[in-house]
Amino acid sequence: MGGKSIMWARQTYRLSDYDMKAASRDGFGIDWPIDYATLAPYYDIAERFIGISGQAEGLPHLPDGQFLPPMALTCGEEILKKAIHDSFGRTLTIGRCAILTDDLNGRPKCHYCGPCSRGCRTGSYYSSVSSSLPAAEATGRLTLIPNAVASHVEVDDAGKCRSVYYIDRVTRTHREVYGKAVVLCASTLESTRIMLNSTSPRYPTGIANSSGVLGHYLMDHVMGGGASGILPVLKGVPDTRGNRPNGVYIPRFRNLEERHPDFLRGYGYQGSANVVKWGHAINIPGFGAEFKQQIRDTRPWSISIGGFGEHLPRYENFCELDKIHVDAWGIPVLHISAAYGDNEKAMINDMADAAEEMLRAAGAEDIEVEREVSAPGLAIHEVGTARMGADPTTSVLNSYEQAHDVSNLFVMDGSGYPSSSCQNPTITFMALATRACEYLVEEFRASRI
């Protein structure tokens, strides 16, 4: 249990109307059927529950949130922050991350032990195992069925959801669970696979697919533009940061007020500056205390930043059920066809150039520039394929993540994204789901579901 919440990078950045209403600004794609002002209170709820450490910056394109105290920048990051502000008017901030810097809701603050990728036994970083599931269990109204591999949704004669069909992973038993409403939140691709596999005479191409766009407009974040180098001014300076489980963020600065001639939308950077390990000592001769001090005095600082750019929504980027191959439980796997286009390739070039100029402004040397477009999927920020929209003929879900065609079907994950933005998506998934759950409760109480 826990899914990606156990292993995610925990970076949490709000979207703004620069993202949600981007189509109105540049004419590409469709607007989100919701604006930032409507979603902001639900960001607040999600952030207060999971705990976000960060620094308020007052940027309209990267709205501030409900922050716990920020983690400290290293001295190398302070140098980069000042350099890019003074030279280019750009902002560097500590990463906004779902790691506690104060105790919250019975969870202790982070003690910087370091190996976050192995899980967090103290629950200091957010996961559903440490936070959401215990809170749900405490209500006394949670029934959890482990080892259940969802296959498809069954509908009744009226075309409404009746049940979810699943296979017990251990016993291979085929079972159904019934409910007045079905909420899919299996992650972007898996939720869409379940929907595509939910065929019936009423929904021959997949449940809630009267628009024909289910599976289409798949997006990720394009990576591959960045730079790294050495900060000679800090040679021999110790790093007092410890095992800080976070990096820095440089928010988007392209296509905000002025239009870039080569591409639409924008990108942000994540990175860090810190003392390198001890590899430089291999070429230093010596022995004993004097030798050790020489190693300390010559220990270099590295600095690196890498970009995450928006992937434009295109119909031709899609997933569909494979007509031949099935998984271990007999469910068709997804066949995915996706690529980055000229817009993303131009963005990567600018991303690399801007990264190099910022590191040079900070006094970095031995700069290496990365300029290679990543493969879709490597950012692990996949979104789209059941997009929200105001028009049921061109979208699958409404602004409450409710299917246009099936009033008791909701999809509360990244599937509903009409556009990808350039920020990490998880906190927006949570805000959208919080709003959708509030609406679902209202619909239940009004007996409309």
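The figures follow:
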| item | result |
| --- | --- |
| Surface/4 estimate of mean projected area, convex hull on alpha-carbon atoms of segment 103-234, nm² | 14.2 |
| Evaluated at q = 0.11, 0.14, 0.19 Å⁻¹: base-10 log I(q)/I(0), Debye formula over Cα of segment 273-408 | -0.71, -0.89, -1.16 |
| Whole-Å distance, taken between Cα centres, linking segment 98-154 and segment 27-63 | 22 |
| Cβ-based net charge around K345, under 12 Å, with every Lys or Arg adding one and every Asp or Glu removing one | -4 |
| Burial ranking of peptide ranges 359-367, 105-113 (average Cβ count within 10 Å, highest at the top) | 359-367, 105-113 |
| The chain: DSSP helices with Cα axial extent of at least 27 Å and average Kyte-Doolittle hydropathy no lower than 0.0 | 426-445 |
| Point-to-point label distance, F287-F444, nm (Cα→Cβ direction, 7 Å offset) | 7.4 |
| Debye intensity ratio in log₁₀ form over the Cα atoms of segment 335-405, taken at each q of 0.15 Å⁻¹ | -0.73 |
| Helical contribution to [θ] at 222 nm, DSSP H n ≥ 4, -39,500 (n - 2.57), averaged over the chain, rounded to 500 | -7000 deg cm²/dmol |
| For peptides 155-161, 85-91, sequence by mean Cβ density within 10 Å, most packed first | 155-161, 85-91 |
| Anchor K160: lysines whose Cα lies under 22 Å away (excluding residues fewer than 8 positions away in-chain) | K180 |
| Using distinct alpha-carbon pairs, which all enter the 1/r mean, Kirkwood radius of segment 58-145 in Å | 15.9 |
| Semi-axis lengths (Å, descending) of the ellipsoid that matches the C-alpha gyration tensor of segment 251-353 | 45, 27, 10 |
| GNM result for the chain, Cα springs below 10 Å: residue of V164, V396, V222 fluctuating most strongly | V164 |
| For W301, W8, order by how many other beta-carbon atoms lie within 10 Å, fewest first | W8, W301 |
| Distance between modelled label sites at A346 and D239, nm, 7 Å Cα→Cβ extension | 3.8 |
| P(r), alpha carbons of segment 177-323 - 5 Å bins starting at zero, rounded % | 2, 7, 10, 12, 10, 9, 9, 9, 8, 7, 6, 5, 3, 2, 1, 0, 0 |
| More than 20 angstrom apart: percent of Cα pairs within segment 100-178 | 57 |
| Most to least packed among 326-338, 432-444 [average Cβ atoms within 10 Å] | 432-444, 326-338 |
| Reach of K277 by Cα under 20 Å, taken over lysines that are not fewer than 8 positions away in the same chain | K235, K292 |
| All-pairs alpha carbon distance profile, segment 198-284, 5 Å steps from 0, percent | 2, 8, 11, 12, 11, 9, 9, 10, 9, 6, 4, 4, 3, 1, 0 |
| Whole-Å semi-axes of segment 158-199's equivalent ellipsoid (Cα gyration tensor) | 18, 15, 10 |
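A short reminder: the numbers here are calculations on the coordinates, not readings from a lab. All values derive from a computational prediction rather than experimental measurement. Heads up, the Cβs are rebuilt from the backbone with ideal geometry, glycines too, and the neighbour counts pull from every protein chain shown.
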